[in-house]
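Engineer: Attaching a single structure in structure tokens format; questions to follow.
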């Protein structure tokens, strides 16, 4: 990659794409120049709203002027779009999960490495100031030796607000792979890679109803567990728990506490940027931990920015395909445990974490 500002093409013009493009003005490493979607009308409307060039998916992937593909398609299309972009010699940053199967995720990482292109994967919220402050607190020994963590994110599911909500209830998706990566990634970033997983899972609501869009009122079946509780043993020896759910109707509960030998660290919602960071020593009171915000860069796109900046500086980027693969395998291991009733090892790791 040259040292100029990278030209980015968005594939997938859904809800999250607006946030990425709106936030891109905060970063000097890339410009979003084009967009594409299988729904050409959606692509044209998105392009008009954001001042972009509207292309077909094939046109965007073959355009030599587009150096980076920002893959914001539904999870079922992540593999195909990322693989095509990598084959075209483009760098890729994809929304989570990296792929809907572990084999596909491995192939993407291997092919990106073989072709010498960068592969990044959301979430990037752990790169925000709140979670970076958390890393500094732990590294500085302010809570002693990390013993583990307790994380949870529970909500009602996307059927109430997403017009294509059924995509989030198919094999390779569900809450563990949609919202779970926020905390799986945060746990790895704070405490290191995951060694094995034990989990229990259920599907209390096997049939859902579209709440919005052209199919509002129609029912669809659910193919995956919608409430999962995981126990994760980390390579460091620390032990973490993670609860994810699409069953908490009209609720939103999200947070993480890291437990140490001398105190605790409370971090805000990992599904967003900012929020209060608090530390408690021993049996003392919780105290706010002040940290400096990155301002406009506290937004989706910071992972893409870091990937491109790292390419310029010839260093590893943080929200990497390797990290995305590790998080994907941790989720797969948890579901295998829930089915098989045993601990399942996680074979991948994240060097340097």
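What follows is calculated from the coordinates using simple rules that are stated; it is not laboratory data. Computed from a prediction, not measured in an experiment: that's the story for all the values here. Note that we place each Cβ from the backbone using ideal geometry, even for glycine, and neighbour counts take in every protein chain shown.
Engineer: Fewest to most neighbouring Cβ within 10 Å: what's the order for 317, 227, 259?
Structural biologist: With the fewest neighbours first, 317, 227, 259 line up as 259, 227, 317.
Engineer: For Cα extents along the principal axes in Å, pick the label among (1) 74, 54, 36; (2) 59, 49, 35; (3) 57, 52, 46 that corresponds to the value derived from the coordinates.
Structural biologist: (2)
Engineer: Remind me, relative contact order of the chain in percent, using alpha carbon pairs under 8 angstrom and six or more residues apart?
Structural biologist: So the answer I get is 20 percent.
Engineer: Could you work out the relative contact order of the range 6-121? I mean the mean sequence separation of Cα pairs under 8 Å and 6+ apart, divided by the number of residues, in percent.
Structural biologist: 24 percent
Engineer: Sort 138, 15 by Cβ crowding within 10 Å, fewest neighbours at the top.
Structural biologist: 15, 138
Engineer: Ranked from highest to lowest mean number of other Cβ atoms within 10 Å per residue, what is the order of the peptides 69-81, 330-342, 139-151?
Structural biologist: Ranked by mean Cβ neighbours within 10 Å, highest first: 69-81, 330-342, 139-151.
Engineer: Continuing with the same structure: With 19 Å as the cut-off, how large is the P(r) tail for the range 6-121, expressed as percent of Cα-Cα pairs?
Structural biologist: Counting every Cα pair in the range 6-121, those more than 19 Å apart make up 39 percent.
Engineer: Give me the percent of DSSP beta bridges within the chain that run antiparallel, rounded to the nearest 5.
Structural biologist: Beta bridges within the chain, antiparallel portion: roughly 60 percent.
Engineer: Percent relative contact order of the range 276-322, based on C-alpha pairs within less than 8 angstrom and at least six residues apart?
Structural biologist: Reported as a whole number, the value is 22 percent.
Engineer: For the peptides 60-68, 289-297, what is the packing order when you average, over each peptide's residues, the other Cβ atoms within 10 Å and list the highest mean first?
Structural biologist: Listed from highest to lowest mean packing, they are 60-68, 289-297.
Engineer: Where does each of 27, 220, 168 land when they are ranked from fewest to most other beta-carbon atoms within 10 angstrom?
Structural biologist: Ascending Cβ contact count within 10 Å gives the list 220, 27, 168.
Engineer: Quick check: pseudo-label points 7 Å beyond the Cα along Cα→Cβ at residue 250 and residue 38, how many nm apart are they?
Structural biologist: 3.5 nm
Engineer: Among the DSSP beta bridges whose two residues both lie in the range 6-121, what percent are antiparallel, rounded to the nearest 5? Can you show the working numbers first?
Structural biologist: Working: 0 of 20 bridges.
If I count the DSSP bridges inside the range 6-121, around 0 percent turn out antiparallel.
Engineer: Still on this model: Over the range 221-271, what portion of Cα pair distances is larger than 13 Å, expressed as a whole percent?
Structural biologist: For the range 221-271, the fraction of Cα-Cα distances above 13 Å is 72 percent.
Engineer: Please give the peptides 308-314, 5-11, 213-219 ranked by average Cβ packing (other Cβ atoms within 10 Å per residue), highest first, as a rough proxy for protection. Before the final figure, lay out each step's value.
Structural biologist: Values: 308-314: 15.0, 5-11: 23.6, 213-219: 11.0.
Output ranking for 308-314, 5-11, 213-219: 5-11, 308-314, 213-219.
Engineer: Write down the Å³ per residue value for the convex hull defined by the alpha carbon atoms of the range 38-103.
Structural biologist: 86 Å³
Engineer: Based on DSSP H runs of at least 4 residues, each adding -39500 (n - 2.57), what is the mean residue ellipticity at 222 nm of the chain after dividing by all its residues, to the nearest 500 deg cm²/dmol?
Structural biologist: -9500 deg cm²/dmol
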